[in-house]
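Student: Structure provided below as structure tokens; questions to follow.
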Amino acid sequence: MFTKFEIEFDKFAIKSYNAIHNTNFETSDIRDWKGEDLGIVDKDKYEYVMTYSFPCTDLSLAGNKQGMSKGSNTRSSLLWEVERLLNENQELPQVLLMENVTQVHSKANINDFQEWINFLNSKGYTSVYADLNSKDFGIPQNRNRCFMVSILGDYTYQFPKPIELKL
């Protein structure tokens, strides 16, 4: 696995990441990053995959449910910093992979989620999302999450089918 950088504000989360992946990343705030910091060059030689998530504290059932609207200054609205980074680049990652709680597309948040998808469409991405539970993929944990794959260009993607839990 190759990771060029990790943007994480929480010092304990980055410490855990570094311990698991044998890396030495420092904490950083996405609001301090510029599009050029993504370093997208030589797309004829390299595939760029950008994974992203954002705090679910304003979306999840256990959270305060303040949403993720652009300009709302909620923690979950950090999603729109990804928009800023993509807008600051002429070259875009070929693949984007998002993960968050399923409430990201709940009735309360669907308009903002659709605005996000519309933005990705305007940049040339084709996106598909699905709610997947870890217990359906060989992990003995009941953890339901929304995943979205966005591919630059006119492509299709199908999420894997569940597998039998044997543990």
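Student: Can you name every residue in the stretch 37-54 that is hydrophobic (A, V, I, L, M, F, W, C) and either in contact with a helix residue (DSSP H, G or I) (Cβ under 7 Å, 6 or more places away or on another chain) or without any contact (Cβ under 8 Å) to a residue 24 or more places away in the chain (or both)?
Tutor: Applying the first criterion (hydrophobic (A, V, I, L, M, F, W, C)) to the stretch 37-54 yields 38, 40-41, 49-50, 54.
Passing the criteria: Leu38, Phe54.
Student: While we're here: Can Thr57 be described as open to solvent by 80 Å² or more (accessible area, probe 1.4 Å), β-branched (Val, Ile, Thr), at pLDDT below 95 and within 30 Å of Asp32 (Cβ to Cβ)? Reasoning before the result, please.
Tutor: Details: open to solvent by 80 Å² or more (accessible area, probe 1.4 Å): no; β-branched (Val, Ile, Thr): yes; at pLDDT below 95: yes; within 30 Å of Asp32 (Cβ to Cβ): yes.
In short, no.
Student: Same structure again: Provide a single number: the residues in the stretch 9-36 that are touching a residue at least 24 places away in the same chain (Cβ under 8 Å) and either in contact with a Leu (Cβ under 9 Å, 6 or more places away or on another chain) or within 20 Å of Pro55 (Cβ to Cβ) (or both). Talk me through it step by step, then tell me what you get.
Tutor: From the stretch 9-36, those touching a residue at least 24 places away in the same chain (Cβ under 8 Å) are 30-31, 33-36; that's our starting set.
Adding the requirement that they be either in contact with a Leu (Cβ under 9 Å, 6 or more places away or on another chain) or within 20 Å of Pro55 (Cβ to Cβ) (or both) leaves 30-31, 33-35.
Number satisfying all stated conditions: 5.
Student: In addition: I need a count of the residues in the stretch 61-94 that are free of Cβ contacts under 8 Å to residues at least 24 places away in the same chain and among the charged types (D, E, K, R).
Tutor: Counting residues in the stretch 61-94 that are free of Cβ contacts under 8 Å to residues at least 24 places away in the same chain and among the charged types (D, E, K, R) gives 1.
Student: While we're looking at this one, here's another question. Is it true that some residue in the stretch 45-53 is over 24 Å from Ile151 (Cβ atoms) and open to solvent by 30 Å² or more (accessible area, probe 1.4 Å)? Full working, then the answer.
Tutor: Let us first name the residues in the stretch 45-53 that are over 24 Å from Ile151 (Cβ atoms), namely none.
The answer is no, given that none of the residues of the stretch 45-53 is over 24 Å from Ile151 (Cβ atoms) and open to solvent by 30 Å² or more (accessible area, probe 1.4 Å).
Student: Then there's this: Report the residue count in the stretch 12-34 for those that are open to solvent by less than 70 Å² (accessible area, probe 1.4 Å) and more than 22 Å from Arg75 (Cβ to Cβ). Explain how you work it out, then say what you get.
Tutor: Kept after step one, since they are open to solvent by less than 70 Å² (accessible area, probe 1.4 Å), are these residues of the stretch 12-34: 13-14, 16-18, 23, 25, 27-30, 33.
Remaining after also requiring more than 22 Å from Arg75 (Cβ to Cβ): 18, 23.
Residues that pass the stated criteria total 2.
Student: Separate question: Specify the residue that is farthest from the chain's Cα centre (by Cα); the eligible residues are those in the stretch 35-44 that are open to solvent by less than 40 Å² (accessible area, probe 1.4 Å) and among the hydrophobic types (A, V, I, L, M, F, W, C). Break it down into steps so the answer makes sense when it comes.
Tutor: Our first condition is that a residue be open to solvent by less than 40 Å² (accessible area, probe 1.4 Å); within the stretch 35-44, this holds for 35, 38-40.
Those still in the list that are among the hydrophobic types (A, V, I, L, M, F, W, C) too: 38, 40.
Working: Leu38: 15, Ile40: 18 Å.
Here the residue is Ile40.
The values are calculated or read from the model by the stated rules, or taken from the named source; none is laboratory data. Bear in mind the structure is a predicted one, so any value in this text is a computation, not a measurement. Backbone-built Cβ (ideal geometry, glycine too); neighbour counts: all protein chains shown. Keep in mind that these areas ignore ligands, DNA and RNA; they rest on the heavy atoms of the full protein, side chains included. Shrake-Rupley method; radii C 1.70, N 1.55, O 1.52, S 1.80 Å.
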